[in-house]
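The values are calculated or read from the model by the stated rules, or taken from the named source; none is laboratory data. Everything numeric in this text was worked out from a predicted model, so none of it was measured. Positions of Cβ are backbone-derived with ideal geometry, glycine not excepted, and every protein chain shown enters the neighbour counts.
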Amino acid sequence: MYKTYYPKAGEIDRKWYVADAEGQNLGRFAARVAHFLLGKHKPTFTPGVEIGDYVVIVNAERVTVTGTRTSTKLDTKIYNSHSGFPGGLKSVSLRDQLKDHPDRALRNAIWGMLPHNKMGRALLKRLKIYAGPNHPHGLQNPEPLK
C-alpha cells in the first residue's frame, strides 16, 4: 500500500525569488509568478498546502500588453471597484492603472490566477511588487526567477 506524502510546516523550505517585469507580457508573466507562489515548481507540491516561495517583482511599470486588441486593450480593459455605498463605483482603465499604480495591475492579474480563498490571500502576502528597479529585500538574497 502506498502512503500519501503530506508536507509538514517544518519541512517547507521557502526561498526568495526576484523577477524583472521589464518587457514581459502581463498575462504570461503573471502566470509564471503565480506558479512560483503556489509552489508548483517543487517536487513536494501538494494542493491545499501553502508550500510556495516569496516573489519580488521589480520594474512593474515596464510590463507590456499584447494580444488581438493590443491597440485598444489599454483603453478597453477596465478595473472596477465599489465602495459599497450607492454611486460608489470607480472605474480605471489599464492605461491609467499602469501609469499611476503599476503594482496594482500586476497584483490583480496574479490574484486572478490564485485560489480565491483563505489560502490564496495568504499566498498573495508573499508577493512584493515595486514599480522601479530597487527593492528593500536584499538581505534575503533573492534568486532570479527562471
Review point. In the set D20, D53, which member is of a type outside the set (G, A, S), touching a strand residue (DSSP E or B) at 6+ places or on another chain (Cβ under 9 Å) and buried (at least 18 other Cβ atoms within 10 Å of the Cβ)?
Key: D53
Point to revise | Selection within region 1-33 - farther than 15 Å from P144 by Cα, of a type in the set (A, V, I, L, M) and modelled with pLDDT of 90 or more | key: I12, L26, A30, A31
Review point. So how many residues does region 27-59 have that are in contact with a Leu (Cβ under 7 Å, 6 or more places away or on another chain) and over 21 Å from N141 (Cβ atoms)?
Key: 4
Point to revise | In region 20-40, residue nearest to L114 (Cα to Cα) [restricted to those that are in contact with a helix residue (DSSP H, G or I) (Cβ under 6 Å, 6 or more places away or on another chain) and not in a helix (DSSP H, G or I)] | key: A21
Check your understanding: What residue, of L106, L127, L94, L114, is surrounded by 18 or more Cβ atoms within 10 Å (Cβ to Cβ) and free of Cβ contacts under 8 Å to residues at least 40 places away in the same chain?
Key -> L94
